[in-house]
Structures are given as C-alpha cells and as structure tokens.
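A.B. asks: Before we start, here is the structure in question, set down as structure tokens.
The values are calculated or read from the model by the stated rules, or taken from the named source; none is laboratory data. Here the structure is a predicted model, which means the values were calculated and not measured. Cβ sites come from the backbone with ideal geometry, for glycine too, and all protein chains shown count toward neighbours. When the accessible area is computed, the model is the full protein with side chains, heavy atoms only, and any ligands, DNA or RNA have been set aside. Shrake-Rupley method; radii C 1.70, N 1.55, O 1.52, S 1.80 Å.
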Amino acid sequence: MREVAPGLVFLGWLGRTIWSAWAGAAGLCCLTAAWQAGHEFYGSFILPSPLEALEALAALIREPTFAEAAKETAKRSAAGFVLAVGFGTIAGAIAGYSFAAMRLMRPIITVVLGVPPIAWIVLALVWFGSTGGSAIMTVVVAGLPISFAGGLEGVVTRDRALDAMARSFGASAWMRFRTVTAPHLVSYLFPAWTTTAGTAWKVTVMAELLSNSGGIGGELATARALFDIPRVMALIVAVVACVLATEYLLIHPLRDWLGRWREAGLPWGVKR
Amino acid sequence: MKLRLQAIGHAFLGRQVFEKIDLSIDSGQVIALVGPSGCGKTTLLQIAAGLIEPSQGRLHRKYRRHAVVFQEPRLLPWMTARDNIAYGLRSVGVEKELRAKAVERRAAEVGLNARDLDKYPAELSGGMRQRVAVARGLAVDPDIVFFDEPFAAVDVGLKRVLQDLVIEAAARDHFSALFVTHDLAEAVRVAHRLVALSGNGEGFATDRSIDGTPGTRTDREVFDIVETWSRDPAFHELFDGAREHAS
C-alpha cells in the first residue's frame, strides 16, 4: 500500500493544503469587509475602498517600473533573510553546544535586540548611503536574534539519550548532528524563519522608504508625496501578498515535508 | 575473552559509586548483572560500552563492534523503523544495498512485519519499538551486546517473547553479552553466568555460573534456582533492600 504512495501522498497533501485555504480566505474576507466599512465611513481620500485599491494594483502590475521595483525589493529581502537566518542559526547552534560561546553571545544579542530598527536604518544610511546595502543590513540586524534564539534553544534541548545511542554505535559528530540534532533543531527554527521572512519584506520596504533607494519602498515614498492614496493601498496589498506567498509557497511546504514524521504519530481524524 | 574490566571505579561529583571492579566476559558468554537499585549497574554498563569514562581502572577490548540496547527503545522519531534498524550500519559506513538486506533479515528475526518497516516509531506499539531497538543492535553483527534492563517496561507475556528472542540470537550469532536487570528470574533465564553488584560500593556480592544453558532451562528449573537464591545471603540486598524501602 505504501509502495505506491509518494505521488498520492503529495496529491493528498496538496488537496488538504488548498482545502485549508478556505478558512484563510474567510478570514481575509472579514478583513476586507471591515476595510469597506471604514471606507464608507471616512471616504475615498482617507481610506480608498478595496475595489479602488485592487484597480490601482491592476494598473500598478502593468507598469514595467513596478516589476523592476518589486524585483529589487525581493532581492534585498531575500539577501537579508538568507544572511540573517544563516548567521543567526549557525551562531545559535554554536552557542547551544558551547557554554562559553553562549555566555559571550547572549549579551551581544540582547544589545542588538535592544537597539530599535529605526536607529539601525540611520546608521546604515551613514555607512552604505542610498543603496540596497542599508536595507539588507537592517533586515539582518532585525532578523538575526530570532534565528539565534531558535538555534540556541534547539541545540540545548536536543535529546541527549538519543545522542548517547548514536555514540554507542560509533556515529561521527557530523552524523550525530545530521540525524539526531538537526531534525529536532528544525522544529525550533521554523517559527524563527517564518517570522524572519515576514520581517524581511517589511523592514526592506521601510528601509527603502527612508533611504530613498528605490524598490517598493521608493514607490511608496513617491505615492505618498503625490497623495495617491489608492496607489499606497495597492502597494501595501502587494507587499502583504509577497509576505503571504513567501510563507505559504516556500516555508510551509518545506516545514510540512520535513515534519512528515510528526504527522505520522497523530491519530486519524486529528490530522490537520 | 572479549572484554576485561580491570579495577574499574567510578565517582559522580565526588561520590564514589563503586570501586575495584574486575570482570571479564568470555566469547559467547552472556553475563547477567543484577543488584539493588542505585548500586551503579547502568553506570558499569555504560563504562563497559565506552559511553562514559571511568574515574579509575582500565578496559581491555578484544572485539570489533558492540551494540547497546537501552531500557527505552531510543529510536529516532523522524526515521522509519527501517532506517532506525539500519542506523548502526549507516554509522559504520555500510553500503545501502547491504544495509537493506541486513535490515530485512534482522527485522524478520525479531518478528517484525515487512509492512511495519515503513512506519515511524510513533505508529508502532511499545513492544514493536523495543523489537526495532533489538534489531538495530543485532544488525551491526556485534561481537558483544550490552543490554540495559531492555525489557523492564514491557508486560510479562511480551517480556518472555523478547527474552527468548535474545537467547535465540545469542545462541545463533555467538555474541557475548552483558545483561543488566533487576529481575533475578530474567537473569536466570537468559544468562550463563550471574554477577551481583553490592549496594555499598564494595564490588560484587557474588559471581556464579548458572546451571544449564540459556534456552534449555525449564520454567520449573528457573523457578527453583530463583527460590533457592532468594534465601542466599549473597542476594539479601536484592530482596531485603526492596523491603526496607517499602516499609
């Protein structure tokens, strides 16, 4: 029965995922209704209706400059995400294995967390000027502590009994990391990665707006200057769509694939 | 001789658990290690298996590979039963095809269905998980197996089945074994020789061979040996200790 499974298992997973999107769509519809109510109360200038925003979005997507700007923002937030997650996770894992490293790094992370992101943007502007560098740096600084904490917790709470089992079979340190620690670590890292992915988009747009370095943030600055409120709303919707796409098309499928074993333990009917 | 422990002693944070332990395990010999709880049976096993370094003494190993079967199955929850059984082979770098063959054979030996091999540990019953753990140990073709109260948590009927499985495997594959247990009847069933660790850290209270060979003793014989030994002063700690704690 399980021999033919891979394709069917994938189809089943896809079906369940799409089906569960109904609940998400219902939630979004409630939000849109509230938005419409707000629009009817305050009028188009303060809050354009969802329909106006969608029309503006449709117009926006047809502009070739928007595609350029979106690509730029995507590149910056992806670079920031990769650097933040990479360095944060590695540093966190090292701190988890070594008490000395943990003692040294924890205060640094606390300090980094304590500095408001807006202050980093000011510093980054001085260091990198009006380039993508300042956006990337701000994303790294904002996202790194979360991955650090996830990596640290994951390694610290690894199952030492399983580690002893692996040692009893003469498994190398690398194999023990891959087979015993890493799968456990992943469950601590995914929440951190999801948060960082969302933060990456938002912080990139913010940094772009403040440093006037193009991208969606740059577009947003222009739209604000022109008081083109439907365009502002359209840009916001575009950013939110990007965040959602990253989360549901990239991170969730990866998490589900790595967490297949977790689902196996659930009784029938509780699954999802 | 496969393994010799020479003047082994161990202390946890300055508290001496035991000292001057001498024990040698011969080829093909199954030694049961009993003793009152907290006397350091598991510690001694972990030292013998190289999982912890003894504070004093030396170990002489004359074998290629060992395996440990723990009290809990200690299966990797993110791997199927098949991959769990193959774990020891993978860590010594055995090729994939050979691993697959060994897994099939060992799984059949411990009474696992081929169907269950693709299940994750969470989908298996407690008894099946312990079977997987035993198969994982046997899969590496060990010269010596360390059993750390492996069947303490399974019910009586299943315990017998699993004991028989170990007896059968030991006779077939001629591995040596150190079998830690707190159950004298289990010790008498599975082992050739029995050593009892004393509770006060003064080495072994007794070291004796058990009549007959494992697997050929009848229930009556096992019962009689246990009955006789329970009145033996050498084992009084094993039985009276429990009574003292209970009262």
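A.B. asks: For A:Ser130 and A:Leu249, what is the calculated FRET efficiency with R₀ set at 30 Å and r taken between the beta-carbons, to the nearest 0.05?
C.D. replies: It comes to 0.45.
A.B. asks: Grab the Cα-Cα distance for A:Ser44 and A:Leu113, subtract it from 0.36 nm times how many residues apart they are, and report the gain in nm with one decimal.
C.D. replies: Answer, rounded to one decimal: 20.9 nm.
A.B. asks: Under the definition of partner shielding as Cβ atoms of other protein chains within 10 Å of a residue Cβ, what is the mean value for peptide A:156-167?
C.D. replies: Per residue, the number of nearby Cβ atoms from other chains is 4 on average.
A.B. asks: Across peptide B:71-79, what mean number of C-beta atoms from other chains lies inside 10 Å of a residue's C-beta?
C.D. replies: Mean number of neighbouring Cβ atoms from other chains: 5.
A.B. asks: OK, next. Compare the peptides B:3-9, A:70-76, A:212-218 by average per-residue count of other Cβ atoms within 10 angstrom and give them in order, highest first.
C.D. replies: So the peptides B:3-9, A:70-76, A:212-218, ranked by packing, come out A:212-218, A:70-76, B:3-9.
A.B. asks: Count, for each residue of A:253-262, the Cβ atoms from other chains sitting within 10 Å of its Cβ, then give me the mean as a whole number.
C.D. replies: Across the residues of A:253-262, the mean count of other-chain Cβ atoms within 10 Å is 2.
A.B. asks: Please report, as a whole percent, how much of the solvent-accessible surface of the protein assembly as shown comes from carbon and sulfur atoms (probe radius 1.4 Å).
C.D. replies: Taking all protein chains in place, the protein assembly as shown shows 63 percent carbon and sulfur surface.
A.B. asks: Something else: Simple spin-label model, 7 Å along Cα-to-Cβ: A:Trp35 to B:Glu227 in nm?
C.D. replies: 8.5
A.B. asks: Run the numbers on chain B and let me know its relative contact order in percent, using alpha-carbon pairs under 8 Å that are six or more apart.
C.D. replies: Answer for chain B is 27 percent.
A.B. asks: Taking only protein heavy atoms into account and a 1.4 Å probe, give the accessible area per residue of region B:1-83 in Å².
C.D. replies: That works out to 44 Å² for each residue.
A.B. asks: Now, a different point. Along its principal axes, what span do the Cα atoms of chain B show, with the longest given first and each in whole Å?
C.D. replies: 52, 41, 34
A.B. asks: Here's a follow-up. Taking the Cβ-Cβ separation of B:Arg208 and A:Val82 as r and a Förster radius of 45 Å, what is the calculated FRET efficiency to the nearest 0.05?
C.D. replies: The value I calculate is 0.10.
A.B. asks: Packing-wise, with mean Cβ within 10 Å as the measure, how do B:157-166, B:12-21, A:36-45, B:127-136 rank, highest first?
C.D. replies: Packing order, densest peptide first, comes out as B:127-136, B:157-166, B:12-21, A:36-45.
A.B. asks: Holding the Cα-Cα limit at 23 Å, pick out from B:Lys20/B:Lys62; A:Lys71/A:Lys202; B:Lys20/B:Lys159; B:Lys20/B:Lys41; B:Lys62/B:Lys96 the pairs that are longer than that.
C.D. replies: The answer is B:Lys20/B:Lys159; B:Lys62/B:Lys96.
A.B. asks: Please give the contour-minus-distance gain from B:Ser125 to B:Asp164: 0.36 nm per residue of separation, less the Cα-Cα distance, rounded to one decimal in nm.
C.D. replies: 12.1 nm
A.B. asks: In addition: I want to check the label-to-label distance for A:Thr222 and A:Leu14. Put each point 7 Å from Cα in the C-beta direction and report it in nm to one decimal.
C.D. replies: 3.9
A.B. asks: Shifting gears a bit: Under a crude label model (7 Å from the Cα following the beta-carbon direction), how far is A:Arg260 from B:Gln16 in nanometres?
C.D. replies: Here the answer is 5.5 nm between the modelled labels.
A.B. asks: I'd like the distance separating the alpha-carbon centroids of region B:1-19 and region B:53-96, in whole Å.
C.D. replies: With region B:1-19 and region B:53-96 each reduced to a Cα centre, they are spaced 22 Å.
A.B. asks: If contacts are Cα pairs under 8 angstrom and at least 6 residues apart, what is the relative contact order of region A:46-258 in percent?
C.D. replies: So the answer I get is 31 percent.
A.B. asks: Just to confirm, what accessible area per residue do you get for region A:46-258 at 1.4 Å probe, in whole Å²?
C.D. replies: Here the residues of region A:46-258 average 48 Å² of exposed surface.
A.B. asks: What's the magnitude of the charge dipole for region A:169-272 around its Cα centre, counting Lys and Arg as +1 and Asp and Glu as -1 at the beta-carbon? Answer in Debye, nearest 20.
C.D. replies: Using only the charged Cβ atoms, the result is roughly 480 debye.
A.B. asks: Kindly compute the accessible surface that chains A and B hide from a 1.4 Å probe when together, both sides summed, and give it to the nearest 100 Å².
C.D. replies: Using a 1.4 Å probe, the pair buries roughly 2100 Å².
A.B. asks: For the protein assembly as shown, what is the percent of antiparallel DSSP beta bridges, rounded to the nearest 5?
C.D. replies: In the protein assembly as shown, approximately 50 percent of DSSP beta bridges are antiparallel ones.
A.B. asks: How far, in degrees from 0 to 90, does helix B:236-246 lean away from the longest principal axis of the Cα atoms of chain B, to the nearest 10?
C.D. replies: Once rounded, one gets 90 degrees.
A.B. asks: Which value, in debye to the nearest 20, gives the size of the charge dipole of the protein assembly as shown about its Cα centre, when Lys and Arg are +1 and Asp and Glu are -1 at the Cβ?
C.D. replies: The calculation lands at about 880 debye.
A.B. asks: Would you mind working out the magnitude of the charge dipole of region B:3-246 relative to its Cα centre, with +1 at each Lys and Arg C-beta and -1 at each Asp and Glu C-beta, to the nearest 20 Debye?
C.D. replies: 840
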